[in-house]
Amino acid sequence: MARPLKSRPSALKEIMLIALLAILTMVVTLTQNPLNIYLPVPNSKDYDLSGTYLSLPLPLSNLTAISTGACCGIGHRMSLNIPSMVYAISNKRLVYVNWGDVAWNTLFNNITQIKQGPEQKEHYGNGYPKDWKSLVETGPIQKPVNASSYDRYGAEMKNMFDMPLAQSIIKSLSDNLSLRVLTFLEPMRNQYANKHNRAGLHMCVHIREGNNESGDWAGKTWRHIDLQSILNITLAGMKEFVFSTETTGNTSATDRTFTAINKMNKINKKVSIFVTSDIEAARRWFERHVPKNWHVVKPEKVLPKPETGVWFGQHGSKTNQNLTKHEKDEAMAEAVADVFALGECDSLFIPNYSSFSFIGITLARAEKKKVFFLGSNNGGEYLEMPEPEPEPDID
C-alpha cells in the first residue's frame, strides 16, 4: 500500500528543521576552526583565463587586525605593504593602513579587507611578517632565460608577480582607486589605442633615471643608466613587438615579400605608448621619435617635478618638506595613477629595476599580457618573461 503524502505544514516544518541543523553545523565548524585557513590557490594550469581573480575572503570579527605603515616612494610602500596584506587576508584578518604623510583613503576607497585606520599592536611600519606567505602557494619563480633587469627584483616581488592572491589584492585596489587618483588616470585611459579599437596596441615603459638624486641613490651605481641608450633600445623593442611576424626557418622570396607588406600594414596599426619617468625628458623624447601614426599618452594633469630626485624618495628625504598637504596628496595621487597605468598595457617594458614598476608587472602577469625585461649581456635586447610553468600532473 502506498504511503500517504505528508501534509504541506508538516513538510515545511521538516525543511525548516533541516535548514536550522545546517546553520548550527556551520557555526560549530567555524568555532572549532576560527582561522578558517585559506585554501591553496589553484595551480597555474587552472588559472589561465585573462582577468581571473580570486574572491578575497572576509575578515573574521573575532580576529585582531594588523596595520601597515610606509615610507619613501609609492613603489617601495606597495612592495612592502602587499606582503603584509597577503599575510593578513590569507589569515582572514583585517588590514588597517596608517601612512603618516598621505592618508590611504586619499588614494584608495576603503574595502572590507583593507581600510584607512589606526596603528595596531601588530604593526608593520617598513616591513612585513617573515611568514607572510606561509598559507599561500606561490609556485615556481619564472624569469627570462638570460641575465636581465629582472634579476634586480627581490625574491618577495618575484614571488608576487605570479601569485594569484597578491594579483587579486592589487586588482581590488585598482578597482577602488579614489576619485583624486582617477582625475589623473582616466584622461590617460581615454588615450589607450586598445580602449576603443580592439585591434589597437597599448605599450608602457617606466624609466627610473634618478634626476640627480643624492643620498643612497648616488651610492647605488648599479641603478644608474645611460638614458639615451635606454631610450633607443626601448623604442626599438617596441617596434619589434608591433612589427614582428611569425616566420621561422628558410623563407622564399614570396614569403619575404609578404612579411614586408605585413610589416608595412602594421605601421598603420593603432598604437599608443604610456611613458612614466622621474624626468620629463623621457616622454618628450618618445613624442619626437615614435612613428608618426603612434600616439604618446599625454597626462591631462601634470604636476611640477622637484629640481632633483623625486617628491617621495628615500627615508629622511626633505624634498617634499615645503609642499602643502594638498600638494603632497596630489603628488602621491599622480604617482599611484602612473603605477596602476603600467598594469593596463598589452606589453610592458622594464629597462631597469624600480619598485615603482612592481604593481604594473604583477597586473600584467595576471592579465596574461607581455612583460619584457632588458637583457644585460645579450647586446641590449629585451627578453620576454615566460609564462608560469604548470604544476606537473600526479597520476
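Close amide H pairs (under 5 Å, H built 1.01 Å from N) link Leu177 with Asn109, residues at least 5 positions away or on another chain.
Summary of packing: across the peptides 225-231, 282-288, the per-residue average of other C-beta atoms within 10 Å ranks them, highest first, as 282-288, 225-231. Surface exposure of segment 46-182, expressed per residue as accessible area with a 1.4 Å probe, stands at 40 Å².
Remark on Leu54: its backbone amide H falls under 5 Å from those of Ser168, a criterion applied only to residues 5 or more positions apart or on other chains, H modelled at 1.01 Å from N.
Extension gain, Thr112-Leu179: 0.36 nm per intervening residue step, less the Cα-Cα distance, totals 22.3 nm. Less than 5 angstrom separates the built amide H of Leu383 from those of Phe373, Leu374, Gly375, all sequence-distant by 5 or more or on a different chain.
The values are calculated or read from the model by the stated rules, or taken from the named source; none is laboratory data. Given the structure is predicted, the values throughout are model-derived calculations rather than measurements. When we count neighbours, we look across all protein chains shown, and the Cβ atoms used for this are built from the backbone with ideal geometry, even at glycine. Note: areas computed on protein heavy atoms with side chains; ligands, DNA, RNA excluded. Shrake-Rupley method; radii C 1.70, N 1.55, O 1.52, S 1.80 Å.
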